[in-house]
Amino acid sequence: MKAYRVNGGRPLEGTVAIHGAKNSVLPILAACICCAGICEIDNCPRIADVDTAIAILEHLGCRVVRQDHRLTVDAATVDRCDIPGDLMGGMRSSILFLGALLTRCGRAELSLPGGCALGRRPIDLHLWAAEELGACWEGCSPSLRCTCRSMAGCCLPLRCPSVGATENAMLMALGCRGVTTIENAAREPEITDLARFLTAMGAKVVGAGTGTITVEGGRPLHGACHKVMADRIEAATYLCAAAGCGGLVELVGAVPDALTPVTELLERSGCILQPTERGLLLQSDGRLHTPGPVVTRPHPGFPTDAQAPMMAALLRAVGITEFTETIFENRLRHVEQLRLLGADIRQYGSRALVRGVAHLHGGILEATDLRCGAALLIGALQAEGDSTVLGVHHIRRGYDNIVETLSAVGARIWETDYTG
């Protein structure tokens, strides 16, 4: 079993190159099959979820070529519309192929998506949007079959600003007659990045980044080139690591405006942040204090994906920090693991109170999801002595070469075999 071994207690200094966004590239790769052309996707991170997306594209008949951080997807040869359960179960974003397949093929045969176990993550909004646009679906868990003879644009008032449902509705709308209006749409930057790619393909998308998005369907689509936006959650993770450990780290390629909810909290904690010509610079002496309550919200609020890394950064902060998770019911699974490092955390359902401690010690930890894994590494980097982090397959789903990246800024971290 592979594990990460960490010898903590050292400040971090140097530069970190921020890769393309996981939460942006996955819907973009699904969107590639909406046209029968060749798409070139640059700044594509080398992560496990992208490997799964490539496997799905190849299963559907696409030709995919990877050259370092560039993917070339030729979707002219798509010849099937089914995705087996082992591929669907590899990641949550596999559900985005529903909208892409309905637009390209008029039907889709799928099973329930996988991904991190963060509690109930139903796909009812995705299926509701498909029905409203004219598709029919049938099946029982975990199988699902969607078909449509003709889809027509309409108004889709989402009951909550779901990122995935917004993206799927955008992809479905491409194959509809007329205009689709998505109300209460998610406003995350990744939605805007998807809209830029669809526009490059010939689509007409207006309002991405706001609560109302309109998509004009039926337009001819063609291949396109696109550079994926920088990963704001990867950037937030490295910011939190440097804040908690102390040091001076520049994030090359980071977009400061996309990180405002995170950087504001770090500044209130005692860090110094400033934009640079290349990205963003953080300076910390490692002696943080509580920034006040942390509450996760849809964008532009504090992102749920950054909650676990932020909690890990504040394990030694002076005072008590209250965390409230409002997006996913099981997003505090890192709490129990962080306690193994000596952290003082009390959990009350979706709330956690973190009382800063003077010292952390090493431990054997197990990541239960992607962002939990990031938090455990941040905690282990601050702890005195050695720590072992298991469940590295979760971390690899969303971080490109995290061991090499942290090592380059002074962390003592390496991959090893764990035998118990």
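With E322, E336, E277 as the choices, which residue is part of a helix (DSSP H, G or I), over 22 Å from the mean Cα position of the chain (by Cα), surrounded by fewer than 24 Cβ atoms within 10 Å (Cβ to Cβ) and at pLDDT 95 or above?
Among E322, E336, E277, only E336 is part of a helix (DSSP H, G or I), over 22 Å from the mean Cα position of the chain (by Cα), surrounded by fewer than 24 Cβ atoms within 10 Å (Cβ to Cβ) and at pLDDT 95 or above.
The condition of being out of contact with any strand residue (DSSP E or B) (no Cβ under 7 Å at 6 or more places or on another chain), more than 30 Å from A242 (Cα to Cα), part of a strand (DSSP E or B) and outside the structural domain of E277 (by TED's automatic domain parsing) holds for only one of R66, R80, that being R66.
Within region 255-274, the set of residues being part of a helix (DSSP H, G or I) and buried (at least 19 other Cβ atoms within 10 Å of the Cβ) comprises A258, L259, P261, V262, T263, L265, L266, S269. Within the option set R10, R92, R80, being touching a Gly at 6+ places or on another chain (Cβ under 9 Å), surrounded by fewer than 17 Cβ atoms within 10 Å (Cβ to Cβ) and either of a type in the set (A, V, I, L, M, F, W, C) or in contact (Cβ under 8 Å) with a residue 40 or more places away in the chain (or both) holds for one residue only, R10. When region 320-350 is limited to residues that are of a type in the set (F, W, Y) and touching a residue at least 24 places away in the same chain (Cβ under 8 Å), the one that is farthest from L381 (Cα to Cα) turns out to be F328. Starting from residues that are aliphatic (A, V, I, L, M), assigned to a loop (DSSP other than H, G, I, E, B) and surrounded by 22 or more Cβ atoms within 10 Å (Cβ to Cβ), keep the ones in region 96-148 and report whichever is modelled with the highest pLDDT. That would be L133. From the list A53, A31, A48, the lone residue that is closer than 21 Å to D86 by Cβ and buried (at least 23 other Cβ atoms within 10 Å of the Cβ) is A53.
For region 171-217, a residue qualifies if it is within 19 Å of the chain's Cα centre (by Cα) and more than 21 Å from D231 (Cα to Cα), and exactly one does: L171. One residue stands out among those in region 44-59 that are touching a residue at least 60 places away in the same chain (Cβ under 8 Å) and part of a helix (DSSP H, G or I): the one that is farthest from C225 (Cα to Cα), which is A48. The C-beta contact set for region 380-393 (first residue not assigned by TED's automatic domain parsing to the domain that holds L338, second residue modelled with pLDDT of 95 or more and among the acidic types (D, E), distance under 8 angstrom, 6+ apart or interchain) is empty.
Residues that are buried (at least 24 other Cβ atoms within 10 Å of the Cβ), among the hydroxyl-bearing types (S, T, Y) and part of a loop (DSSP other than H, G, I, E, B) within region 343-400 comprise just one, Y399.
The values are calculated or read from the model by the stated rules, or taken from the named source; none is laboratory data. Just so you know, these numbers come straight off a predicted model, no measurement behind them. We place every Cβ from the backbone using ideal geometry, glycine too, and count neighbours over all the protein chains shown.
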